[in-house]
Each structure stands twice: as structure tokens, then as C-alpha cells.
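J.: Quick one: the structure is below, and I'll ask about it shortly.
The values are calculated or read from the model by the stated rules, or taken from the named source; none is laboratory data. Keep in mind the model is a prediction, meaning the values are calculated, not measured. Here Cβ is always computed from backbone atoms with ideal geometry, including for glycine, and neighbour counts include all displayed protein chains. Surface accessibility is based on the protein's heavy atoms, side chains included, excluding ligands, DNA and RNA. Shrake-Rupley method; radii C 1.70, N 1.55, O 1.52, S 1.80 Å.
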Amino acid sequence: MNRSGSFLSRMEILDAAEQTLRRYGPGKASVTDVAKLLGVSHGTLYRHFPSKAALREAVTERWLEEKIVAPLAELAGSAADNPLEQLHQYIVRLIELKVHYATQDYEMFRMYAAVTEEAADLVEAHIERIISQISIILNRGIEQGVILQLTGTTALARSVFHATARFHHPSHAYEWHSSSISREFDELWSLLVRGLAATVK
């Protein structure tokens, strides 16, 4: 039964689009497929989203917020006796989430990887969310005197993010199952700690 597009909510459209993307894959799923699932014309969806790319980006943005940003926000926002260890836990959790979804939610992760090459604004906004969370932890450590304020906190957080990018950026996903990846991260983290810690035991 056809429905009136005026009664469609953004949530309904994104739910249907995500379901369609999972079923057909990001390369084959079309706006028409989403419209059929909702029982409306594809023209109706274009009144809500101007293009297939805009719809894909909206689905990806929501997925990133729910699956990556939200779980990490809870960790970053919690009090910690050792902010330097909390920072380590945060980066490890970021890596674990990316690795998990790369294997357990392949279609959505593949779309996310594709969007990183197509939607610079969306990707930059996502990165800024992560950097702001890292900044919270760094500020906590600086206030407690366990992390050196080497530069501005945001710049420092950005450096930590980019230094560890190999272990969580989707363009490196093919490396994540290497037998040496954990050791290589531990080696990198040891170097980062030496640079960040106010005292190194």
C-alpha cells in the first residue's frame, strides 16, 4: 500500500535505507529499493534527501554516532584515577569497535569506508567528535598532573588520533588481522606514553 511521504519520519527513512543497504550492499542498493520497502515513490524520498549520496551519508552518520561515538563518549566522560591509562583504554576500545564492525557488520562498514572517500565534511565531523573525546581525557590528565601539556589540548588530541590511525582508520582494515598488529600497537603506545606522561616509571 502506498503511503504519503509527508507522514514519513527521518528515522523511518534511515531505518529502511539501512535495511536496504544491508540486504543489497552499498554498491547495489538504490533509492528505489528504499522507496519500495517504505511503500512510497522514489520521488517522495528525494523530497527528504536530495540524492542517493545524501541518504547514504545520513545513514552512515547515524551508524557512526550509535556504534562508535556513543560507546566511546561514556568511557571518555567517566572519572578516572589514571587518565593516561584511561586514554589507553579509550584508544583500545576505538580499535576494538572498528575491528568488530569490519567483520560483524561488513556491509555498513564497507559503506562507511566508501563514504570516507566521498564525504569529507561528514568524516571530518566524525573525527572531530573523537578528538573532542580524547581532549576530555587529556584535560583530565593535565589537571591531575599525569599528562604533560606539550601543546594545546585539541592539537595534542589530534596528534594522538592520527598517530594511532593505522589501527582504526578503515583504509587500514586489511592490516587488522595481521599476527603482529597487537605487538605493533603496544610498541607505538609505549612511545606515546613516553611523550605524554609527566613521569615515566
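J.: Could you work out how much longer the chain between Glu143 and Arg62 gets when fully extended? Use 0.36 nm per residue separation minus the Cα distance between them, nm to one decimal. Don't skip to the answer; put the middle values down first.
T.: Numbers: separation 81, 0.36 × 81 = 29.16 nm, distance 3.32 nm.
Gain in length upon complete extension: 25.8 nm.
J.: Something else: With springs only between Cα atoms under 10 Å apart, run a GNM on the chain and tell me which of Gly141, Gly152, Gly25 wobbles the most.
T.: Top of the fluctuation ranking is Gly152.
J.: Now for a separate question. Taking amide H positions as placed 1.01 Å from N in the peptide plane, with prolines and chain starts having none, which residues 5 or more places from Ile147, or on another chain, fall under 5 Å of its amide H?
T.: Placed amide hydrogens put Ile142, Ala198 under 5 Å from Ile147.
J.: Okay, helix-only estimate at 222 nm for the chain: each DSSP H run of n ≥ 4 adds -39500 (n - 2.57), divide by all residues, round to 500 deg cm²/dmol; what do you get?
T.: Helix contribution divided over all residues of the chain: -21500 deg cm²/dmol.
J.: Using a Gaussian network model of the chain with C-alpha springs under 10 Å, which one of Ala70, Ala113, Ala58 is most mobile by mean-square fluctuation?
T.: Ranking Ala70, Ala113, Ala58 by mean-square fluctuation puts Ala70 first.
J.: Return the carbon/sulfur percentage of the accessible area of the chain, one whole number, probe 1.4 Å, all protein chains in place. Please report the intermediate quantities before stating the final value.
T.: On the way: 5490 of 10610 Å².
That fraction is 52 percent.
J.: State, to one decimal in nm, how far the label point of Ser179 lies from the label point of His88, with both points 7 Å from Cα in the Cβ direction.
T.: 2.6
J.: Between Ile181, Ile137, Ile95, find the one with the highest GNM mean-square fluctuation for the chain; connect C-alpha pairs within less than 10 Å.
T.: In this elastic network of the chain, the residue with the biggest mean-square fluctuation among Ile181, Ile137, Ile95 is Ile181.
J.: Given 0.36 nm per residue, what is the gain on full extension from Ala70 to Ala197 after removing their alpha carbon distance, in nm?
T.: Numbers: separation 127, 0.36 × 127 = 45.72 nm, distance 2.71 nm.
In short, 43.0 nm is gained.
J.: Ok, one more. In sequence order, what are the phi-derived ³J(HN,Hα) couplings for region 131-139 according to the Karplus relation 6.51 cos²θ - 1.76 cosθ + 1.60 with θ = phi - 60°, rounded to whole Hz, with x for glycine and proline?
T.: 4, 5, 5, 4, 4, 4, 5, 4, 4
J.: Return the sequence-ordered ³J(HN,Hα) values of region 172-177 in whole Hz as given by the Karplus equation 6.51 cos²θ - 1.76 cosθ + 1.60 applied to θ = phi - 60°, using x for Gly and Pro.
T.: Values, residue by residue: 9, 4, 5, 8, 5, 9 Hz.
J.: Please compute the per residue accessible area over the chain with all protein chains in place, 1.4 Å probe, rounded to a whole number of Å².
T.: Working: 10610 Å² over 201 residues.
I get 53 Å² per residue for the chain.
J.: Cross-link partners among aspartates and glutamates for Lys36, C-alpha distance below 17 Å, same-chain residues fewer than 8 apart left out?
T.: Those aspartates and glutamates meeting the cut-off are Glu12, Asp15, Glu18.
J.: Still on this model: Roughly how many Å is it from the Cα centre of region 135-201 to that of region 94-132, as a whole number?
T.: 19
J.: Could you give me the ³J(HN,Hα) list for region 107-121, computed from phi with Karplus coefficients 6.51, -1.76, 1.60 and θ = phi - 60°, whole Hz, x at Gly and Pro?
T.: 5, 5, 5, 5, 5, 4, 4, 5, 5, 4, 8, 10, 10, 4, 5
J.: Using a simple spin-label model with points 7 Å from Cα along the Cα→Cβ vector, what separation in nm is obtained for Asp121 and Tyr24?
T.: 2.6
J.: Roughly how much of Met11 is accessible, in Å² to the nearest 10, using a 1.4 Å probe?
T.: 110
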